[in-house]
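Chemist: The structure is given below, and queries will be raised subsequently.
Every number here is computed from the coordinates shown, using simple stated rules; none is lab data. Every value quoted in this text rests on a predicted model; they were computed, and no experiment measured them. Every residue, glycine among them, receives a Cβ derived from its backbone with ideal geometry; neighbour counts consider all protein chains shown.
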Amino acid sequence: MAHEHMAQDRHWYQVSGGVPLTGTVTAAGAKNSVTKLLVASLLTDRPCTLDLVPDILEVHLVLDMLAELGTKVSWTGPGQVTVHTPTVTATALSEAYSGVNRIPVLMIGPLLHRVGEAYLPLPGGCTIGKRPIDYHLSGLAEMGAAITEELRSVKVHAGRLNGVHFTLPFPSVGATESLLLAGVLAKGTTVIQGAAVEPEVIDLVMFLQKMGALVNVETDRTITIEGVEKLRGAEHSVIPDRIETASFAALAVATGGRIEVAGAQQEHLVTFLNAMRKVGGEFAPTDGGLVFWRERPLTAVHQETGVHPGFMTDWQQPFTVMLTQAKGTSIMHETIYEDRFGYTQQLAEMGADISLSDSCLGSGGCRWHRRGFQHTAIVTGPVALNGAHLAIPDLRAGFSYIMAALIADGTSTVAGTRYLERGYEDPVGKLRAVGAHIETITAQ
């Protein structure tokens, strides 16, 4: 079921470009936070209520997974969902979820605490590099879990998990979240060194603390967790989606328009805002949000993605499309994922001047240097893009293709829209609200 509703493409978008976009949209709750908060609700037998829950495919997928495990799900208002798992009724997720996203692996810790075992499909997600789960599994093994890896799934057993000192070789968001979810009810103290400290990770920490967990985020990427006996239910508002906000900001700057994002939080966008300003964009606070516009003719920059508080890897695609409209040669160096520039091929077919390199241009080396991965993009502009037939290859490329189509002369068709709808709430409605000429065409 899960794979089918990702694979079948029953509709596509028709987009006409060349118009500056102006208007207001409201930031949805963060996809990369809400899905983890829903998993955290498995740690208690009491109800948990989340506000600002985005109505996106990824959320519905996770709610379907939880329902298979015994969670009672109820939408109690617009953007509000209550999840309650009085009893875990199953310890296995169906094969349909194999390769759909990376959420099942995060369920291991909570299921071990509740019922002592988990049998879950191995993760997938977007095709943007290998994204291994070794860190997750080695952390759980050190905590006392017995792990059996099968071809497409993993079987885990444990009595009560024990706290450990664990150093992550790389500040992986998923592994940090996995160890957090396992550590809060473990016996003793868990210390995660080299932890990820993204806003979405901190949002999970806030929620766990409301549930009764003892979690301290210290300096130097250290998170210390003192295990407790039991967690309770809690209510929590999801942080606004900083990827969606940056997407609309880049769109405003690229089209020469002016877009306000209600609910946007400057503190989660500091690095993005600096980079955008260097290109020629500008922002100002509004009553409860931020407004974005083009301040001057756009000029080329050297930009590098990195772990928080660096420039987020998910900001890279809309930013790269914006750079096609900047004068000069820009460098975008991707240091998080080794294979995230596949989407640029279709941009080149629209007229973009983008070439790829396996070198770390314009800065120090990263872990992908000269390993054969095309992880640096060289973007020369400004260029006039032309309408084209586009097929979205992954979630974040999705918005950048819509963006390219809105900059381009003429009309484009965009297939693979389900990827976009995995992470963006009502993309067509929001784009229309800022003046985009976009419509959904449904197959007969």
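Chemist: For Lys187, list the lysines whose Cα falls under 27 Å from its own Cα; do not include residues on the same chain fewer than 8 positions away.
Modeler: Within reach: Lys36, Lys155, Lys210, Lys230.
Chemist: For the range 225-241, in order, what is each residue's ³J(HN,Hα) by Karplus, 6.51 cos²θ - 1.76 cosθ + 1.60 with θ = phi - 60°, in whole Hz (x at glycine and Pro)?
Modeler: 10, 9, x, 10, 6, 7, 10, 10, x, 7, 10, 8, 9, 5, 5, x, 7
Chemist: Moving to a separate point now. In the chain, if the dipole is taken from +1 on Lys/Arg beta carbons and -1 on Asp/Glu beta carbons about the Cα centre, which of Val105, Trp368, Thr26 is farthest to the positive end?
Modeler: Looking along the dipole axis, the top candidate is Trp368.
Chemist: Can you bin the range 31-237 into rounded, prolate or oblate? Criterion: square roots of the alpha carbon gyration tensor eigenvalues sorted a ≥ b ≥ c, rounded for a/c under 1.5, prolate for a/b above b/c, oblate for the rest.
Modeler: rounded
Chemist: Apply the Karplus curve 6.51 cos²θ - 1.76 cosθ + 1.60, θ = phi - 60°, to the phi angles in the range 154-168 and return the couplings in whole Hz, x for Gly and Pro.
Modeler: Coupling constants for the range 154-168: 9, 10, 10, 10, 6, x, 5, 5, 10, x, 9, 9, 10, 9, 7 Hz.
Chemist: State to the nearest 20 debye the size of the charge dipole of the chain about its Cα centre, where the only charges are +1 on K and R beta carbons and -1 on D and E beta carbons.
Modeler: Result for the chain is approximately 300 debye, rounded to the nearest 20.
Chemist: Dipole magnitude of the range 31-237 about its Cα centre, charges +1 at Lys/Arg Cβ and -1 at Asp/Glu Cβ only, in debye to the nearest 20? It would help to have the intermediate numbers written out before the result.
Modeler: Working: 16 positive and 21 negative charges, 53 e Å.
Once rounded to the nearest 20, the dipole reads 260 debye.
Chemist: Moving on. Looking at the range 35-126, which trypsin sites (Lys or Arg not before Pro) are in a loop (DSSP not H, G, I, E or B) and have at most 15 other Cβ atoms within 10 Å?
Modeler: none
Chemist: Here's something else I'd like to know. Here are several values of percent of Cα pairs over 37 Å apart: (1) 31; (2) 20; (3) 24. Which one was derived from the coordinates shown?
Modeler: Answer by label: (3).
Chemist: Specify whether the C-alpha gyration tensor of the range 348-431 places it in the rounded, prolate or oblate class, a ≥ b ≥ c being the square roots of the eigenvalues: rounded for a/c under 1.5, otherwise prolate if a/b is larger than b/c and oblate if not.
Modeler: Details: a/c = 2.62, a/b = 1.57, b/c = 1.67.
Oblate, since a/c reaches 1.5 and b/c is not below a/b.
Chemist: Let me ask another. Please list 348-355, 323-330 highest first by mean number of surrounding beta-carbon atoms within 10 Å per residue.
Modeler: Working: 348-355: 17.8, 323-330: 21.0.
With the highest mean Cβ count within 10 Å placed first, the list reads 323-330, 348-355.
Chemist: Could you tell me which of His157, Gln303, Gly263 has its Cα farthest along the dipole of the chain towards the positive end, charges placed at Cβ (Lys, Arg +1; Asp, Glu -1), taken about the Cα centre?
Modeler: Gln303
Chemist: Using a 7 Å offset from Cα along Cα-Cβ at Ser355, what residues in the range 316-330 end up with backbone N under 16 Å from the label point?
Modeler: Inside the label zone: 328-330.
Chemist: Once a ≥ b ≥ c are taken as the square roots of the eigenvalues of the Cα gyration tensor of the range 161-212, is the result rounded (a/c under 1.5), prolate (a/b larger than b/c) or oblate (a/b not larger than b/c)?
Modeler: Details: a/c = 2.32, a/b = 1.03, b/c = 2.25.
Oblate shape, in that a/c is at least 1.5 and b/c is the bigger or equal ratio.
Chemist: Turning to a different aspect of this structure: List every residue whose amide H lies under 5 Å from the amide H of His302, counting only residues 5 or more places away in sequence or on a different chain, with H placed 1.01 Å from N in the peptide plane.
Modeler: The list, which skips near neighbours in sequence, is Ile331.
Chemist: Apply the Karplus parameterisation 6.51 cos²θ - 1.76 cosθ + 1.60, with θ equal to phi minus 60°, to every residue of the range 430-444 and state each ³J(HN,Hα) to the nearest whole Hz, in sequence, with x for glycine and proline.
Modeler: For the range 430-444, the Karplus curve yields 5, 5, 5, 5, 9, x, 6, 8, 9, 9, 8, 10, 9, 5, 6 Hz.
Chemist: Using amide H atoms built in the peptide plane, which far-off residues or other-chain residues are under 5 Å from Phe311 H to H?
Modeler: The list, which skips near neighbours in sequence, is Gly306.
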